[in-house]
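Throughout, read-outs are computed from the coordinates displayed, never taken from laboratory work. Just so you know, these numbers come straight off a predicted model, no measurement behind them. Positions of Cβ are backbone-derived with ideal geometry, glycine not excepted, and every protein chain shown enters the neighbour counts.
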Amino acid sequence: MDNLKDIIRQLEEENSLLKKQLSQLEADQKEYRKEHEIAIHLAETEGILRSIVDNSLDGIVLIGEDNIVKEWNRGFVDMLGISKAEAVGKNLWEVFNLIFALDTYSKEEIEDIRSRMNDIISCKQQTNFVRKIVNLKTRQIRTIHTIYFPVYQSGICTMCIVCRDITVLDKEKETTVEKERLQVQVNIMS
C-alpha cells in the first residue's frame, strides 16, 4: 500500500510539473503570437511607408553617416535624371558632382551647400533653400525647394533630403510679375 501511495504521489508531482510546463508553454505561445502580430504590423507599416517614399513625386533621399546614399526614390529620378542605381551605394558628393558639373552653381554656392550638408550630417541644423537645377536626362531647368534635416536611427545621425519641384509655381510667379510689368507699361503709356 505504501508503494501505491508513493506511485500516486509521484504521479501527482509529475502531473503538477506537467501542468506548470503546459502553463509556461501557453504563456510562451501567447507571447510568440503577440510578437508575431507586432512583426506583421511592423512589416505592413514598413510596406506602406516604403510605397509612399518610393512613389512620392517629391524627391526623397536618405544619406548614411558615411555620406553613402541609402535611399533614392522615383521623385529624385524624375527631377534630377539620375537613376536609383546610379545613386544608391555611392558617396553623396559623387552623385551631386554629376549635377554640379552641368548646373549653374558657382564654386561659392557649391561650398555653401557642402557646408550646410556637413552641418546636417553632424546633426547641427536643419536647412532649406530654393535652387534651379538642370535635369541630367532632359536638360530642362527645374526650380527645386530642398529641405535637409537630420534623422536619428539607433543613436546614429543620418541625413534626409526632401525636394519638391516647384517649377510650375515659379513659372506662374514669373508670368504674374510679367503681367504686372506690362500693365505698368500700359498705364504709363496711357
Per the Kirkwood formula over distinct C-alpha pairs, the hydrodynamic radius of region 4-129 in angstrom is 19.5 Å
Rounded to one decimal in nm, the spacing of the 7 Å Cα→Cβ label points at Asp78 and Glu109 is 2.4 nm
Distribution output for region 56-174: share of Cα-Cα pairs per 10 Å bin in percent, first bin at 0, values 14, 47, 33, 6, 0
Surrounding charge for Ile7, neighbours by C-beta under 15 angstrom, Lys/Arg +1, Asp/Glu -1, total -3
With region 1-50 reduced to its Cα atoms and the Debye formula applied, log10 I(q)/I(0) at q = 0.16 1/Å amounts to -0.62
In region 22-141, taking the dipole from +1 charges on Lys and Arg beta carbons and -1 charges on Asp and Glu beta carbons about the Cα centre, the listed residue (Asn135, Ala85, Trp72) farthest towards the positive end is Asn135
Protection proxy (average C-beta count within 10 Å per residue), highest first, orders 33-42, 48-57 as 48-57, 33-42
Check: C-alpha center region 111-165 vs C-alpha center region 1-44, spacing in Å is 55 Å
Burial-style ranking of 78-89, 19-30, average other-beta-carbon count within 10 Å with highest first, yields 78-89, 19-30
